[in-house]
Every structure is written in C-alpha cells, then in structure tokens.
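First comes the structure, then the notes that go with it.
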Amino acid sequence: MKQSQLFTKTRKNAPADEVARNAQLLIRAGYVHKEMAGVYAYLPLGLRVIENIKQIVREEMNAIGGQELAMTTLQPKEIWEKTDRWDDAKVDNWFKTKLANGTELGVGFTHEEPIVDVLRDYVSSYKDLPFSVYQIGPKFRNELRAKSGLLRGREFLMKDMYSFAKTQQEHEKIYEGTVQAYHKIYERLGLGDFTYRTYADGGIFTDKFSDEFQTLSDVGEDTIYVDETRKIAINKEIMTDENLEKLGLDKNALVEKRGVEVGNTFHLESKYTDALDVYFTDDQGQKQSIISGCYGIGISRLMGVIAEQFADEKGLVWPENITPFKVYLVQIGDTVKQARAVYKALQEKGITVLWDDRDVRPGEKFADGELIGLPHRVVVSEKLDGQVEYSSRTGNEKEVLTVEALLAKLGN
RNA sequence: CGGGGUGUGGCGCAGUUGAUAGCGCGUCCGGUUUGGGACCGGAAGGUCGUAGGUUUGAGUCCUAUCACCCCGACCA
C-alpha cells in the first residue's frame, strides 16, 4: 500500500478527551476513530490488525474442531426470559429496542440463549454430540461507564465459542482443550509471556471456577495474584484461604499484579440448555441434559491491550503476527524507481509493505513510521548507493544491505 | 448510577471588569528546501456543545439540557 493513498493521516496531538494510552496512539496513528464514548470505528490500518487477530483466533478455534457461524445481533426477548436474563434488574447492560409494532427486542450482549435455541433444530440424539461452535462479531453492552479506550467499550468485537457435550467428563476434555488453544493464541499474539490463566468466580450456577486469561498490565482493571513459577494466577475476587487450598496454591508464592482480562472460559453445566428445554436422548433412550461451556476472547480489546503493552515513547510497536504491514518502506529523495523495485520485490515474497511515497521530509516519514509502529523499516536513499538501510522498530542498529540480503532477512 | 471536571476552526489551546473571536499545528496557493516532524510569502476555515434567559450589547453572567473525561460502584 502506498502511504500517499492511505486516506488516514497521523496527527501530533491526541484528542484531549482521550486519556487512555492505547486509544491515544491508535487515534494519532489513524487506526481507529472514536464515534462516541466506548464506540470506535476501525480504519484501514486498524482493521488489518483486527483481521490478523481474528485470523489467529479462528485458526486455533478451527484446530480444536470449532465450527464458525454468525449469530444475530437482534434478539427476541422470549428466549432470554426463559433463562431469566431479560429483566434489567438481572442484566443491567442490555441495549433494547422495539419493532415498529412495539415488539421488544434485545441487542446481543452475549449469545448463550440464541445458540442454544438453534440447537433445538439440530440436536436430539447422543450421536449429535459433542460439538463446538463459535463466532467473531460485535457485542453490545450498555456499560454505565465506558473507559480505557478500546479496553472497555459499549460496542466491541468478541470471539465467543460454545461447546455442547453429553457428559461432564466429555465437557471437561473440551474445556481443557480450549484452554490450551487459548494459550496458543496469546502466544501467537505476542502476549504469551505475560498472560496468565487465572482462576475466577464461576458464576452462580456452578461450584466450579471459571478461568480468566489475564494479561499483566498497569492499566488492568483486575487485581490478580500470580504464581510466576507455575504460570498460574487467582483473581482477588475469589482469593480466600479455602479457595487457595482447593486450587492447591501456596499463598506465599503469590505476587499481586494488575491484569486485563483478555479472555475467559466458563462451565455452564446445563443451565442454558435446560432452561431452554433442549435435551438429547442417550443410547438407552433416556432424555439427558446437555453440558455446555462458553469461551470468550475480546478481539478489539486485544488490539487495545497490545497497543498499550508494546508502545514506547515514539508510538505503537506491533508484534510481527498482527502488524497491519510488515515493512515500512521509506523513500528519501529522488528514488522512486528504486523504491518501487524494492516494494515489488518485497511483495513478491509475500511481505506486506506500507510504502511511504509521500513528498514530505525524511524526518516526518521516520516519525510517522515510528508512530504507526510497523516492525521493520527499510530506507531507500541516494546516499545508499543502490543498497537499502534496514532497522527494526525496537532496535537502534541500522544495517545497510543489498536488496537480495534484505529479502533473505525478511523472507523466512 | 454517586462524586469531580471539561465543551471555542480538523487537532491542541488562549480569550482580562460583558463591547464585531485569537495563537500553534494541520489544510490550500506560490517559492526555497530534502537523512529526524524545514523556511519565506499569501489564503481558506469558527452562528464559541445546544436551548432559553438577563443586558443597549453575552464566548464571558443565569437556568435547563446534551456530550465527553476522571474517581467510585458494576461488568469481556
């Protein structure tokens, strides 16, 4: 992509009403546009990041047998009444609306009820189970207070998977498999080293704990206690002596940290399936409850967390796997021809490039490149005598290479 | 939802005891520049969040309202 054609521009100042570092940088660099409090549009650069995150999540969900689908945003109130989650006293962050004829509708804040409602059409026998389905799409929550930029929005993107099993044992296996997939996802996103599986409250309908995935961060909203050697943590909310013993955690090994919840997994037992009257018939001809689990990952929140986590004083720093483009190609002076050749050569290798072909001074290009945060910078300049200068976003050293050497370096 | 704060060109800000709204960045035109956000000259762009009110006169005072931010409570 030529930067001269990118419709967004960088800006030197962040809007005064945006305090969160992630949103400040993402806005300054042209990744997102704030539509209103807690509601952000994803601009071309931002959408590329979002799509990269989604793709990693999708691949890992597919790898454990998840089947992708897309549920609806508009929701009939009846199914939510069956699980007693329609009443505003029970769920206070619903967005609700009405059809022209007055029929009340909900705007989806989660999708347990609708997916279970779908099962009714397709699941009746033990032969139909187990399976998992997931979707990646918008969620709407009428938060009393949106905050922290992309970390807590009223409209946000989430991957939510739901599993359905014949027995608790079968469910546990799926659940653990999903937890392992989550670890892979955070690893691939570059967050593996500081994202912890964290025991948390399982909710009112199970005595099991749920698991949160907490990325350590000063801007985190949760207080967690981390056992760094075992790579596990416990949320402050459930930090009691009794729970520590139940979980086999040693209080003395725990360190208090702040975390951002970047995912969670819940045991739902048969609460939703029973409430919506969806059962299966076992091989003895007996009606049985379906055991389910739900598994969320905040896609747009992850973009915020990653922006926040890796940024330095110059701007964003994207991990290799989710960067909108791999290379920031800077053309200095009268070098269009050479720059185009490098651009094409990189692209032929399958390396994505943002080519700064603008007619602006070098300093501005470097500053913008650093703000935008692509991992690799390549400079084409008359000074380099046909070679190119390579530097990484995070390193200080620059090396002058031939184009062939550059391709070899970036091509693996 | 409780407490606190802020709304003035695209962005960041100033605007005194009430008197026809300024600055920086950005944008446009012309020129000089070109390895770290250049410089010179010119120009466009604002019913001061909105609605009432007080006043000869309101960005400024009063009332209401909306939006946004922060702390708390709640939540992916």
message: With the requirement that a residue be open to solvent by less than 30 Å² (accessible area, probe 1.4 Å) and in contact (Cβ under 8 Å) with a residue 40 or more places away in the chain, what does segment A:217-246 give you?
response: A:Ser217, A:Gly220, A:Asn243
query: In segment A:340-347, is there at least one residue being within 28 Å of A:Ile306 (Cβ to Cβ), open to solvent by 10 Å² or more (accessible area, probe 1.4 Å) and more than 15 Å from RNA strand B (Cβ to nearest atom)?
result: yes
- prompt: Going through segment A:370-412 one residue at a time, which ones are of a type in the set (D, E, K, R) and either within 17 Å of A:Glu313 (Cα to Cα) or within 9 Å of RNA strand B (Cβ to nearest atom) (or both)?
  reply: A:Glu370, A:Arg377, A:Glu382, A:Lys383, A:Glu389, A:Arg393, A:Lys398
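Of all residues in segment A:2-24, which are open to solvent by 70 Å² or more (accessible area, probe 1.4 Å) and more than 14 Å from A:Leu150 (Cβ to Cβ)?
A:Gln5, A:Phe7, A:Lys9, A:Arg11, A:Lys12, A:Asn13, A:Ala16, A:Asp17
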Checklist (1) modelled with pLDDT of 95 or more; (2) more than 29 Å from A:Ile53 (Cα to Cα) applied to A:Tyr295, failing item: (2)
- request: Starting from segment A:307-335, take each residue that is closer than 13 Å to A:Leu45 by Cβ and list its partners that are within 16 Å of RNA strand B (Cβ to nearest atom) and charged (D, E, K, R), counting only C-beta distances under 6 angstrom and pairs at least six apart or across chains.
  value: A:Gly315/A:Glu370; A:Tyr328/A:Arg377
- request: Could you tell me whether A:Gln284 is modelled with pLDDT under 95, surrounded by fewer than 24 Cβ atoms within 10 Å (Cβ to Cβ) and out of contact with any Cys (no Cβ under 6 Å at 6 or more places or on another chain)?
  value: no
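Could you please let me know if A:Leu354 is assigned to a strand (DSSP E or B), away from RNA strand B (no atom under 11 Å from the Cβ) and more than 27 Å from the chain's Cα centre (by Cα)? Lay out the reasoning, then the answer.
Details: assigned to a strand (DSSP E or B): yes; away from RNA strand B (no atom under 11 Å from the Cβ): yes; more than 27 Å from the chain's Cα centre (by Cα): no.
So A:Leu354 fails the test.
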message: Among the residues in segment A:149-161, are any under 30 Å from A:Ser124 (Cβ atoms) and open to solvent by 10 Å² or more (accessible area, probe 1.4 Å)?
response: yes
- prompt: Under the condition of being in contact (Cβ under 8 Å) with a residue 60 or more places away in the chain and more than 16 Å from A:Gly137 (Cβ to Cβ), which residue from segment A:59-83 is surrounded by the most Cβ atoms within 10 Å (Cβ to Cβ)?
  reply: A:Glu60
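Test of understanding: among A:Ile56, A:Ile50, A:Ile27, which residue is more than 14 Å from RNA strand B (Cβ to nearest atom), in a helix (DSSP H, G or I) and surrounded by 16 or more Cβ atoms within 10 Å (Cβ to Cβ)? Step through it out loud before you land on a result.
Numbers: A:Ile50 fails: more than 14 Å from RNA strand B (Cβ to nearest atom); A:Ile27 fails: more than 14 Å from RNA strand B (Cβ to nearest atom).
Exactly one of A:Ile56, A:Ile50, A:Ile27 is more than 14 Å from RNA strand B (Cβ to nearest atom), in a helix (DSSP H, G or I) and surrounded by 16 or more Cβ atoms within 10 Å (Cβ to Cβ), namely A:Ile56.
The values are calculated or read from the model by the stated rules, or taken from the named source; none is laboratory data. Everything numeric in this text was worked out from a predicted model, so none of it was measured. Every residue, glycine as well, gets a Cβ built from its backbone with ideal geometry; the counts of neighbours run over all protein chains shown. Calculation scope for accessible area: heavy atoms of the full protein, side chains included, ligands and nucleic acids excluded. Shrake-Rupley method; radii C 1.70, N 1.55, O 1.52, S 1.80 Å.
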